[in-house]
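**Q** The structure is given below, and queries will be raised subsequently.
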Amino acid sequence: MAKHFDIIVIGLGHAGCEAALACARMGLRVLGVTLRADRIGLMSCNPAVGGPGKGQLVRELDALGGEMGKVTDATGTHFRRLNESKGPAVRARRALVDRQRYAEEM
């Protein structure tokens, strides 16, 4: 039996899960491929979400209906505002999340 998929996502870490979910929400048939099922949704070794650089990406994902911001809110352990004494262009928020809970929630 031949199977047809519109998109194949290789790697199902937190970014791969986000990509697969976005495609599925667009009505595409998605196949996710990963080496280890116990690592689906797992973040890299740095459990920080946000900051001056990544914070913009998180806000864009959130605006497009992504899950990263919601899952971060649900699994965050520490939340901090950065660069408050500096100008608005470099101010940011950062959260540290529980990596295991993040993967389970994702």
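**Q** List the residues whose amide H sits under 5 Å from the amide H of VAL9, counting only those 5 or more places along or on another chain, with H placed 1.01 Å from N in the peptide plane.
**A** LEU31, GLY32, VAL33
**Q** Could you compute the net charge surrounding SER44? Neighbours are other residues with a C-beta less than 12 Å from the C-beta of SER44; K and R count +1, D and E count -1. Don't skip to the end; give the middle numbers.
**A** Numbers: positive: ARG39, LYS54, ARG99; negative: none.
Neighbour charge sum, excluding SER44 itself: +3.
**Q** Another question about this same structure. Using a Gaussian network model of the chain with C-alpha springs under 10 Å, which one of MET26, MET68, MET43 is most mobile by mean-square fluctuation?
**A** Among MET26, MET68, MET43, the largest mean-square fluctuation in the Gaussian network model of the chain belongs to MET26.
**Q** Which of ASP38, ASP73, ASP62 moves the most in a Gaussian network model of the chain with Cα springs under 10 Å?
**A** Maximum fluctuation in the GNM of the chain, among the listed residues, is at ASP38.
**Q** Taking segment 53-106, which GluC sites (Glu not before Pro) meet the DSSP loop condition and have no more than 12 other C-beta atoms within 10 Å? Write out the running numbers ahead of the final one.
**A** Numbers: sites: GLU60, GLU67, GLU84, GLU104, GLU105; in loops: GLU67, GLU84.
Sparse-neighbourhood loop GluC sites (Glu not before Pro): GLU84.
**Q** HN-Hα J couplings of segment 18-29 from phi, Karplus 6.51/-1.76/1.60, θ = phi - 60°, integer Hz, Gly and Pro as x?
**A** 4, 5, 4, 5, 4, 5, 4, 5, 7, x, 7, 7
**Q** Right, something else. Taking only the alpha-carbon positions of segment 7-105 and ignoring solvent, what does the Debye formula give for the base-10 log of I(q)/I(0) at q = 0.14, 0.17, 0.19 Å⁻¹?
**A** Those come out to -0.56, -0.78, -0.93, one per q.
**Q** I want the antiparallel fraction of DSSP beta bridges within segment 7-105, as a percent rounded to 5.
**A** Values: 9 of 13 bridges.
Here the antiparallel bridges make up roughly 70 percent for segment 7-105.
**Q** Could you please report the charge total around GLY55, scoring K, R as +1 and D, E as -1 over all other residues with beta-carbon less than 9 angstrom from its beta-carbon? Don't jump to the answer; show the numbers that get you there.
**A** Details: positive: LYS54, ARG59, ARG93, ARG94; negative: none.
Local charge sum for GLY55: +4.
**Q** Separate question: So what is the calculated 222 nm ellipticity per residue for the chain, using -39500 (n - 2.57) for each DSSP H run with n of 4 or more, over all residues, to the nearest 500 deg cm²/dmol? Display every interim value, and only then the final one.
**A** On the way: 4 runs with 40 residues, N = 106.
Here the helix-only value at 222 nm equals -11000 deg cm²/dmol.
**Q** Hey, another quick one. DSSP loop (so not H, G, I, E, B), at most 12 other Cβ within 10 Å: list which trypsin sites (Lys or Arg not before Pro) in the chain pass both filters.
**A** Values: sites: LYS3, ARG25, ARG29, ARG36, ARG39, LYS54, ARG59, LYS70, ARG80, ARG81, LYS86, ARG91, ARG93, ARG94, ARG99, ARG101; in loops: LYS3, ARG29, ARG36, LYS86, ARG91.
Passing both the DSSP loop test and the Cβ count: LYS3, ARG29, ARG36, LYS86.
Each value in this text was obtained by applying a stated rule to the coordinates, not by laboratory testing. Just so it is clear, the structure is predicted and the values come from calculations on it, not from any experiment. Counting neighbours? That spans all protein chains shown, and the Cβs are built from the backbone with ideal geometry, glycine included.
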